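Some notes on the structure that comes next.
Derivation of every value follows stated rules applied to the coordinates shown; laboratory data play no part. Bear in mind that the values here come from a model prediction, so they are computed numbers and not experimental data. Cβ coordinates were reconstructed from backbone atoms using ideal geometry, including for glycine residues, and neighbour counts include every protein chain displayed.
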Amino acid sequence: MAAVLTTAAMLTLPGLLGPDRATARRTERMEALALWTEMLRDTLSAAAGLEQAVLTTAAIAPAPLQRELRRLAASIRSSQPLPAVLRTFADEADDPLADVVVAALVTAAERQASQLAALLGELADSVREQVAMRRRIDAGRASIRTGVRVTVTVTLGMAVGLTIFNRPYLNPFNTLTGQLVLAVVGALFAASFTWLTAIGRLHEPVRLIGHSPAKTPVTEGRTR
């Protein structure tokens, strides 16, 4: 049972107690989206058209969105319709906040919406507010993670110390009852880590622009 618990700990604890890289990447992409939206607003304010504004800002795109924006610019240069390539960009970005920005751009491209620059400024402010909220949440979660790390470190250190320096103290765990008790302790730790992961997960809003439906190949036949 100790071997099973040790293997499970080695596989799961680094991801649970280490830095939350997925959340950090998500926050970086949100900041990049806000910056790109502000760049679009400023470029449009300089009396540039929407298509030209997208091409100009894509050339100096923020790093977290650089790949998607360069593909967007390449699609525009290949004379594809702007609304279609914007929806493709939304699919590739795969972000609910990017959907909101793209929806505004698609509406402007299809219906010549006025005051687009002001709307983009408001959207950028909204994204930055959500980034600030996420950073506050991450700061609160950091203290919880620190407490969990201390608890796990002390527990593991005590177990290793007893194994090395006072092995007879652990002899009761060699019995069937001892193995069952060890299994219960391991299950309690697993349940607590699962609960901490669940309460620390941020629920993302529903996307406004769904993934593009797959194209169905058309088979041409000959009539006789």
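Give me the net charge for the shell around residue 41: Cβ to Cβ below 15 angstrom, other residues only, Lys and Arg +1, Asp and Glu -1. Summing Lys/Arg as +1 and Asp/Glu as -1 gives -3.
Our estimate of slack between residue 21 and residue 163, defined as 0.36 nm per intervening residue step minus the Cα-Cα distance, is 47.7 nm.
The structure-derived value of Rg/Rh (Cα atoms, Kirkwood Rh) appears in the list (1) 1.00; (2) 1.21; (3) 0.94 under the label (2).
Footprinting exposure proxy ranking of 79, 143, 126, fewest other C-beta atoms within 10 angstrom first, gives 79, 143, 126. Counting only DSSP H runs of at least 4 residues, each contributing -39500 (n - 2.57), and dividing by the residue count of the chain, the helix-based mean residue ellipticity at 222 nm comes to -25500 deg cm²/dmol.
Indicate the helices, whole DSSP H runs only, in the chain that combine a mean Kyte-Doolittle hydropathy of 0.0 or more with a Cα extent along their long axis of 30 angstrom or more. Please list the in-between numbers first.
Numbers: long enough: 21-45 (36 Å, -0.59); 116-165 (71 Å, 0.58); 176-200 (36 Å, 1.69).
Span-like helices here: 116-165, 176-200.
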